[in-house]
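Just below is one structure, and these are the notes that go with it.
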Amino acid sequence: MQVSVLGAGTMGHGIAQVAAMAGHEVTMRDIEAEYVEGGLEAIESNLQGGVDRDKVTPDEMAATLDRLSGTTSLAAAVADADLVVEAVPEDMELKRETVAEVESLVADDAVIASNTSSLSVTEIVSALERPERGIGLHFFNPVHLMGLVEVVVAEQTSESTRAFATEFVEGIDKTAVEVGDSPGFASSRLGVALGVEAMRMVQEGVASPGDIDTAMELGYNHPMGPVELGDVVGLDVRLDILEHLREELGERFRPPQILRRKVRAGKLGKKTGEGFYVWEDGEIVGASEDVMDR
C-alpha cells in the first residue's frame with residue numbers, strides 16, 4: 001500500500017515510521033525541506049535506538065528507510081496514495097483546507113484520514129466532496145512505542161472506509177478501538193480530565209508534580225504520571241484541547257490558571273525545556289521553580 005503522511009513533526013514522522021516498518025511505501029510531506037529532513041532524521045534515530053536495544057534488526061532498519069521518502073510537494077506526496085493521513089497542526093480551518101486540497105489530487109478510492117486528537121472529524125471531512133471517504137486515525141505519542149490507535153468514525157464515514165482504516169491499524173501491529181465522533185473522543189477526553197485535575201492539585205498546593213505523578217504510576221500502574229504527560233504532550237496542546245472541550249462540554253474542562261500562566265510564559269513542557277518540570281536532553285532534571293516541590 002502507498003501511504004502519504006502530511007506533517008513531519010512528532011506525530012507525522014512517527015506515523016510514517018510505523019507504516020514503513022509494516023511494509024508500506026511511505027511519502028512524508030511538510031511545507032519546508034528542513035522539516036522533512038528533521039522528520040527523516042528522527043525516524044532514523046528511533047530505528048537506531050531500536051537496533052541498539054535489540055528490538056529492531058539492522059536489516060529491518062535498512063528496509064524501513066528504503067520504503068520512506070520525503071517531499072515538500074503535496075501533489076507528489078499524494079499522487080499514488082491509497083491512504084493519506086494528515087498530521088498538520090490542530091487548527092480546524094487548516095485541517096479542512098488540507099483535506100479538501102488532498103481530495104483534488106488523489107484517486108477516487110483513496111481514503112483520507114485525520115490524526116486530530118480532539119477536533120470534530122465530522123466537521124473536518126465535511127470539507128470533502130465525498131466525505132464518506134474520510135475518517136479519524138488518532139495515534140498516540142510516541143507513535144513507534146504506543147500500541148493504540150483510535151479509529152474515529154465521522155457521521156459521514158462509510159462502512160468500507162471504517163473497515164479499511166481498522167484493517168490498516170491492525171496491519172501496522174496496533175490495536176484499534178472504534179469510537180464515535182464525540183468531543184475528545186474516548187482517550188483525549190479521559191486523559192485530559194485526569195491531567196487537568198492534577199494541574200489543579202498542583203495549583204492548590206495539594207502535592208508536588210513529582211508526588212502526584214508517583215501516586216498514579218505506583219498506585220494505579222500508569223506508565224507516566226498525568227503532570228509529566230502534559231509536559232511531554234505540550235502544555236499549549238493541553239490548553240487548546242481544554243478550551244475546545246470546555247466550549248463543547250462545559251465548565252468542568254475550564255483550564256486552570258497555572259496552565260494559562262505556563263503557556264503565556266512559553267513554558268510549554270519538554271519541547272521548550274520547562275513546563276511543570278525542567279528538562280535537559282529529554283530527561284527531567286527537576287521541578288519548575290514556580291510550582292511547589294517536596
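The table below lists the values:
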quantity	calculated
Kirkwood estimate for the range 52-157, i.e. one over the average of 1/r between Cα atoms, Å	15.1
Evaluated at q = 0.18 Å⁻¹: base-10 log I(q)/I(0), Debye formula over Cα of the range 186-291	-0.81
Considering only the chain, percent of DSSP beta bridges that pair antiparallel, nearest 5	30
0 to 90° range, to nearest 10: angle between helix 92-103 axis and the chain longest Cα axis	20
Sequence of Glu274, Glu247, Glu178, Glu90 when ordered by accessible area, the most exposed leading, probe 1.4 angstrom	Glu247, Glu178, Glu90, Glu274
Under 13 Å, Cβ to Cβ, from Pro223 - net charge with Lys/Arg +1 and Asp/Glu -1	-3
Pairs of alpha carbons in the chain whose separation is greater than 28 Å (percent)	39
Residue-normalised accessible area of the chain, expressed per residue, 1.4 Å probe, Å²	47
Cα Rg, Dmax (largest Cα-Cα span) when computed across the range 109-243, Å	16.8, 55
Per-residue ³J(HN,Hα) for the range 263-272, Karplus 6.51 cos²θ - 1.76 cosθ + 1.60, θ = phi - 60°, Hz, x for Gly and Pro	5, 4, 7, x, 8, 9, x, 4, 5, 10
Reciprocal of mean inverse Cα separation for the range 168-226 (Kirkwood radius, Å)	13.4
Chain lengthening between Glu280 and Glu251 when straightened (0.36 nm per residue, less Cα-Cα)	6.9 nm
Computed label-point distance, nm, for sites Val177 and Asp54 using a 7 Å Cα→Cβ extension	3.3
The chain, helix-only ellipticity at 222 nm - DSSP H runs n ≥ 4, -39,500 (n - 2.57), divided by all residues, nearest 500	-14000 deg cm²/dmol
Asp82 accessible area, 1.4 Å probe, all protein chains in place, Å² to nearest 10	60
Projected label distance in nm at Ala79 and Met92, using a 7 Å step from Cα toward the beta-carbon	3.6
Inter-part distance where the range 208-279 and the range 9-79 are each reduced to a Cα centre, Å	29
Net charge contributed by nearby residues that have their C-beta within less than 14 Å of Gln17 (K/R +1, D/E -1)	-3
Crossing angle, helix 187-203 versus the chain [Cα axis fit, 0-90 degrees, rounded to tens]	20
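The values are calculated or read from the model by the stated rules, or taken from the named source; none is laboratory data. Quantities reported herein were computed from a predicted structural model and do not represent experimental measurements. Here the Cβ is made from the backbone with ideal geometry for all residues, glycine too, and neighbour counts use every protein chain on show. To get the accessible areas, we keep the full protein, side chains included, count just its heavy atoms, and leave off ligands, DNA and RNA. Shrake-Rupley method; radii C 1.70, N 1.55, O 1.52, S 1.80 Å.
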